[in-house]
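Here's the structure we're looking at; comments come further down.
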Amino acid sequence: MKKVKFLDLKFQYDLIKQEIDTAIQNVISNSAFIGGHHVSHFESQFAKYQEATFCISCGNGTDALEIAIEALNLPSGGEIIVPANSFIASAEAVTRTGHTVVFCDCKATDYTLDIDALSRLINPRTVAIIPVHLYGHPCDMSPIMTLAAKHNLKIIEDCAQAHAAEYNGKRVGSIGHAAIFSFYPGKNLGAYGDGGAITTNDQHLAEKCRKLANHGRISKYNHEFVGRNSRLDALQAAILSVKLQYLDEWTEHRIVLADHYLQLLADIDQVTIPCRQTYAKQVYHLFVIRVDDRSGLQKHLKAKGISTGIHYPHALPKLGAYSHITPPPQTPVAEKLAPTLLSLPIGEHLSSADIEFVVSEIEAHYTIRS
Ligand SMILES: *Cc1c(COP(=O)(O)O)cnc(C)c1O
């Protein structure tokens with residue numbers, strides 16, 4: 001039976017096997033495991049790619065968020081606004097750094113922060129906002145930066161799903177005060193293990209992040225403050241440097257496939273397709289549709305060899321981790337969307353014919369049903 005995988009990291013590896021193997025061999029032959037050339041080379045290439053001045057690599061995307069928040073030196077206990085529809089890491093880092101999570105509702109169109117809801121949540125205790133460029137679609141950064149300037153707030157872009165995405169022609173990760181990236185294997189730029197980075201245009205902030213991620217150290221055995229150990233392995237850096245050269249090509253491929261989905265799915269009444277704002281270069285980390293009978297459709301597709309995903313099954317305020325918040329956050333759109341979201345397969349391992357097959361099976365499901 002034909003199989004359409006949700007993600008196929010083996011396929012991607014086979015495309016660039018020679019280069020990856022050489023890069024790994026290089027690191028091992030030189031015993032350059034921690035820090036050094038491979039790491040600094042990747043950092044400078046990635047900063048350039050995201051159009052930011054500085055890049056500080058670290059252990060993973062969640063650490064990157066924690067380090068960025070700490071480095072901003074925000075008043076402890078201050079409120080940080082996070083979207084209700086995201087991966088938990090976006091909120092977790094806020095709690096971990098001693099701040100208060102405030103959940104903001106999202107739009108039913110592109111699923112990112114709802115600016116009106118955001119404005120209503122800002123109060124004298126608010127210290128920062130974490131706009132998440134969810135599924136690869138940039139948040140509407142212009143009004144967010146205006147709110148930040150007006151209320152003296154820091155903006156930390158969560159770009160974990162948005163490598164190469166652009167807002168009005170500008171790469172994400174270069175717009176807020178700081179930004180974070182994840183190189184988790186399944187992300188659009190993924191390592192062969194964990195990895196993360198912070199980007200910023202602020203030199204002082206960059207230096208603070210660099211120290212925080214490396215035991216608060218200024219030089220060997222001289223520690224200015226208590227930091228932590230969060231590093232990107234040189235092996236991962238070398239792998240990421242190889243993959244970064246293909247990211248443009250892979251991103252364009254995702255966009256072509258997404259456009260194909262959008263065109264073919266437009267005629268199926270039972271399916272709501274994702275909206276792409278005019279300011280957005282959406283990089284489709286995920287291609288998320290909405291349907292009322294999600295489990296039925298998911299089951300049908302699975303029977304036909306098509307894997308799908310759910311991102312995310314619960315709005316963050318509905319999780320046990322945040323059930324203590326009183327009064328409960330008002331995030332009706334995110335809560336209403338959660339049971340209807342279905343992520344269809346997308347990625348460099350798929351062809352236009354695969355997309356046509358997926359859509360034909362979605363069509364078949366609804367034809368059989370009606
Ligand atoms: C993956 C992800 C993170 C966390 O990244 P890790 O590298 O897994 O720690 C943070 N935010 C969002 C939106 C993510 O998708």
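Every read-out reported here was derived from the displayed coordinates using simple, explicitly stated rules and does not represent laboratory data. Keep in mind that what you see is a predicted model, and the values were worked out from it rather than measured. Cβ: placed from backbone, ideal geometry, glycine included. Neighbour counts: every protein chain shown.
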Exercise. About the Cα centre of the stretch 1-100, what is the dipole size in debye to 20, counting +1 per Lys and Arg Cβ and -1 per Asp and Glu Cβ, all else neutral?
Worked result: 480
For this session: Pick out which of V283, V102, V359 has the largest mean-square fluctuation in a Gaussian network model of the chain, springs linking Cα atoms closer than 10 Å.
Result: V359
Problem set entry | HN-Hα J in Hz across the stretch 236-246 - Karplus 6.51, -1.76, 1.60, θ = phi - 60°, x for Gly and Pro | 5, 4, 5, 5, 5, 4, 5, 5, 4, 5, 9
Exercise. Across bins of 10 angstrom width beginning at 0, how are the C-alpha pair distances of the chain distributed, in whole percent?
Worked result: 5, 24, 32, 25, 12, 2, 0, 0
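Rounded to a whole number, what is D in µm²/s for the stretch 269-370 from Stokes-Einstein with the Kirkwood radius over alpha-carbon pairs (20 °C, 1.002 mPa s)?
Details: Rh = 15.4 Å.
Approximately 139 µm²/s, per Stokes-Einstein.
Under the 0.36 nm per residue contour assumption, what length would be gained going from the current alpha-carbon distance of I325 and H41 to full extension?
Difference between extended and current length: 97.9 nm.
Go through the stretch 111-193 and name the trypsin sites (Lys or Arg not before Pro) that are in a DSSP coil and have 16 or fewer other Cβ atoms within 10 Å of their Cβ.
Working: sites: R120, R125, K150, K154, K170, R171, K187; in loops: R125, K187.
Passing sites in the stretch 111-193 are R125.
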Problem set entry | Candidate aspartates and glutamates - alpha carbon under 15 Å from K107, same-chain residues fewer than 8 apart omitted | D116, D140, E335
Seminar exercise, completed: Cα-Cα longer than 28 Å, checked against K17/K302; K48/K154; K5/K281; K10/K304; K48/K336, kept in input order, equals K17/K302; K48/K336
Problem set entry | Alpha carbon centroid spacing (whole Å) that separates the stretch 285-353 from the stretch 90-156 | 21
Exercise. Whole-Hz Karplus ³J(HN,Hα) for the stretch 45-53, in order, using 6.51 cos²θ - 1.76 cosθ + 1.60 and θ = phi - 60°, x for Gly and Pro?
Worked result: 5, 6, 4, 4, 4, 8, 6, 10, 6
Seminar exercise, completed: For the stretch 140-255 (alpha-carbon point model, no solvent) the Debye-based log₁₀ I(q)/I(0) at q = 0.13, 0.22 Å⁻¹ works out to -0.62, -1.26
Exercise. Sorting L240, L153, L247 on the 10 Å Cβ count, fewest up front, what's the list?
Worked result: L247, L153, L240
For this session: Compute the normalised compactness of the stretch 43-166: alpha-carbon radius of gyration over 2.2 N^0.38 Å, N being the residue count.
Result: 1.00
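As a test, work out the antiparallel percent of DSSP beta bridges whose residues both lie in the chain, rounded to the nearest 5. If you can, show how the numbers build up before the last one.
Values: 23 of 38 bridges.
So the antiparallel bridges amount to about 60 percent of the total.
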Seminar exercise, completed: Ordered by fewest other Cβ atoms within 10 Å, a rough proxy for footprinting exposure, F183, F33 read F33, F183
For this session: Would you give the gap between the C-alpha center of the stretch 43-66 and the C-alpha center of the stretch 229-284, rounded to a whole Å?
Result: 19
Problem set entry | For the stretch 17-29, 3J(HN,Hα) per residue [Karplus equation, 6.51 cos²θ - 1.76 cosθ + 1.60, θ = phi - 60°, Hz, x = Gly/Pro] | 3, 4, 5, 5, 4, 5, 4, 5, 4, 4, 5, 5, 4
